[in-house]
Amino acid sequence: MPNWLNDAVFYEIYPQSFCDSNADGIGDFQGIISRLDYIRDLGFNALWINPCFDSPFRDAGYDVRDYKKTAARYGTNEDLVRLFEEAHSRGIHVLLDLVPGHTSEEHEWFRKSCSLEKNEFSDRYIWTDFCFRGAGNFGYPYIGGEAERPGTYLLNFFKCQPALNYGWLDADESWKCASDGDAARSTVEAVKDVMRFWMDRGCDGFRVDMAASLVKGDDEKKTGTSRIWKEIRAMLDRDYPECALVSEWSHPELSLKAGFHADFLLNEADSPYSTLVRDYQNHAGSLVYSDPFFTGEDPDCDMKYEDHSFFRMDAGGDITRFMDGYLKLYEETKDLGYISLITCNHDTVRPSFGLTPEELKLFYAFLFTMPGVPFLYYGDEIGQRYLSLRTLEGGYFRTGSRSPMQWSRDKNLGFSDADEKDLYLPVDPAGDAPVVSEMLEDPSSLLHMVRSILSLRHKDPDLQAVPNLKILYMEKGSLPFVYQRGERICAVNPSSECVSAAVDVPDRQALWQIGSGTLAGGMVTLQPQSFIVF
Ligand code: NOJ
């Protein structure tokens, strides 16, 4: 386990929309470099940058055309190396986004794989042996009729993203390669080669896209895929022991055993977005998918839904809806690695869509005082809004969370000097769109709250990633929620009522707070909308 992860707090950057240094309307590496002081001063000491490699951008860069070359719109490989160096000189680590499950259909490997003549890349992707059949019972999507080769090929996500071939756990048909056979081996070696390429140039690790998706026909425990990650981790431990691996898997009980150091908790049913910030339940109490355009009514079944998100004031939220699932995973994995909670990411709706700035403060205070390695998505520190935008680069509803960072009241909110019509995406048109420059001036802003809780976390080893969580008070339908981290006790009350609960701990003073409260005589008492670290 790289030691630096214990005190790491990540800032996710969607490079298209962060900062444009050359007025072409799209963000770039130099723009990121110019904002590193800002990121460090807020208290973030690690970055995750979404894919920044050569790509036709049919899925915002998750369709990689060349893993070893940066996309010209962001800058050159040398610029990216300079970004690593500038980040390191400020104590900031940098994770790149590794997309091992698929490439762009424009990747050279895929072009060669389509050829009728057998070549080195014929088995780099998953081809069936007949032009009119797909992948049997497994239901993987496939494409036919595009290549001269008389077979169909499997997709991993969009049509533009053919699946790389890591073989099948159960290679029961002649066209299926075994997950430990030569074809699968050569794909694994190719991915290792890409990782080495960027590690040798100074990156500090990878966020791994769809990490569970490698071996097809895999079992529930992902035996085949896990074997590959264990092998990759062994290579990294040997040659790059400080390299961090964070998975998009959302099953820490599998991913951490497979060798990842941290795993995002993303499942809608137990993620921060649903039960903590957008918890739409019908009257029977069941959760529905948190759709940004959801109105609270289901036209098909005449059912009314209410938002019972925990951090919404007076929504009657229930922390056990989140914590029951979380604690199960936490107990099972706490000695293996970390669970990563996030404010949101480039695939989800921003938390400001459901919560007011005051509610966001409570949500973030919780997020940054929990164990594991937390991530904040750019703009969430100012409560940047989810916008209603036309889809771009395969974003669909996700596009609304990808609008340009709002730096100031200058042209294009300080994101770019380009003409408005040339911007990658429009900036928030609202007159009261939150901006960094104004929040920096306001000590009571969300931004200052983020800075202050991160400063507390960095000073106090008990509040870092370490698995020292103990629940002191958590009851269904009752507040506050109280938990212990080593010597520290955290208590939160999102409601508009004063609440209290009995806890079996000695009296303590408040060390950090939103709102107010006390911990004395075996009782913790919290005023409305309060979060206290005792
Ligand atoms: C997950 C990424 O976060 C998402 O943005 C992308 O579209 C898919 N994986 C496919 O790579």
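Just a few scattered comments:
- Contour minus Cα-Cα distance for TYR38 and ASP219 (0.36 nm per residue): 60.7 nm
- Around the amide H of ARG508, modelled in the peptide plane, lie the amide H atoms of LEU519, all under 5 Å away and 5 or more residues distant in sequence or on another chain.
- Tilt relative to the chain, helix 357-367 - C-alpha long axis, 0 to 90 degrees, to 10: 70
- Taking all protein chains as shown and a probe of 1.4 angstrom, GLU231 keeps an accessible surface of around 50 Å².
- Accessible-area value, TYR364, 1.4 Å probe, nucleic acids and ligands omitted, Å²: 0
- Mean sequence separation of contacting Cα pairs (under 8 Å, at least six apart), scaled by the length of the chain, corresponds to a relative contact order of 13 percent.
- Take 74-84, 385-395, 54-64 and order them by the average number of nearby Cβ atoms within 10 Å per residue, most first; the result is 54-64, 74-84, 385-395.
- Computed from the C-beta positions of ASP410 and ALA178 and an R0 of 51 Å, the FRET efficiency is 0.30 to the nearest 0.05.
- Within a straight-line Cα-Cα reach of under 22 Å, LYS118 can be paired with the following lysines, leaving aside sequence neighbours fewer than 8 residues apart in one chain: LYS176.
- Mean separation of Cα contacts under 8 Å, 6 or more apart, over the residue count of segment 88-214: relative contact order %: 31
- In the chain, the longest principal axis of the Cα atoms and the axis of helix 320-333 are about 60 degrees apart.
- Reach of LYS411 by Cα under 25 Å, taken over lysines that are not fewer than 8 positions away in the same chain: LYS421
- Counted residue by residue at 0.36 nm each, then reduced by the alpha carbon distance between them, the extension gain from VAL81 to MET303 reaches 74.5 nm.
- Considering only CYS160, VAL482, ASN345, and ranking their Cα positions along the charge dipole of the chain that arises from unit charges at the beta-carbon of Lys, Arg, Asp and Glu, the one farthest toward the positive end is VAL482.
- Per residue accessible area of segment 286-415, 1.4 Å probe, in Å²: 37
- Cross-link partners of LYS476 among aspartates and glutamates (Cα-Cα below 17 Å; sequence separation of 8 or more within a chain): ASP270, ASP279, ASP307, ASP314, ASP318, ASP324, GLU497
- Neighbourhood net charge (10 Å Cβ-Cβ; Lys/Arg +1, Asp/Glu -1) for ALA171: -2
- Anisotropy class assigned to the chain is prolate, per the alpha carbon gyration tensor with a/c at or over the 1.5 cut-off and a/b larger than b/c.
- Extension gain for MET523 to ALA190 (0.36 nm times residue separation, less C-alpha to C-alpha distance): 114.0 nm.
- Crossing angle, helix 77-89 versus the chain [Cα axis fit, 0-90 degrees, rounded to tens]: 30
- Per residue, the accessible area of segment 173-261 comes to 36 Å², computed with a 1.4 Å probe over protein heavy atoms only.
- In terms of its alpha-carbon gyration tensor, segment 13-67 comes out oblate; a/c meets the 1.5 threshold, while b/c is at least as large as a/b.
- The chain, dipole about Cα centre (Lys/Arg Cβ +1, Asp/Glu Cβ -1), debye to the nearest 20: 660
- Computed with a 1.4 Å probe over protein heavy atoms only, the accessible area of PHE157 comes to about 90 Å².
- Label-to-label distance for ASP324 and SER437 is 5.0 nm, based on points extended 7 Å past Cα in the beta-carbon direction.
- Distant-in-sequence amide H partners of ILE489 (H built 1.01 Å from N, under 5 Å): PHE534
- Taking each of LYS68/LYS159; LYS192/LYS361; LYS69/LYS230; LYS328/LYS361 in turn, the alpha-carbon distance tops 31 angstrom for LYS192/LYS361.
- Environment charge of TYR67, counting only residues whose C-beta is closer than 10 Å and scoring Lys/Arg +1, Asp/Glu -1: 0
- Ligands, DNA and RNA left out, the 1.4 Å accessible surface of the chain is 49% carbon and sulfur atoms.
The values are calculated or read from the model by the stated rules, or taken from the named source; none is laboratory data. Source: prediction; values computed, not measured. Glycine also receives a Cβ, built like all others from the backbone with ideal geometry; neighbour counts cover every protein chain displayed. SASA here: full protein model, heavy atoms, side chains in, ligands and nucleic acids out. Shrake-Rupley method; radii C 1.70, N 1.55, O 1.52, S 1.80 Å.
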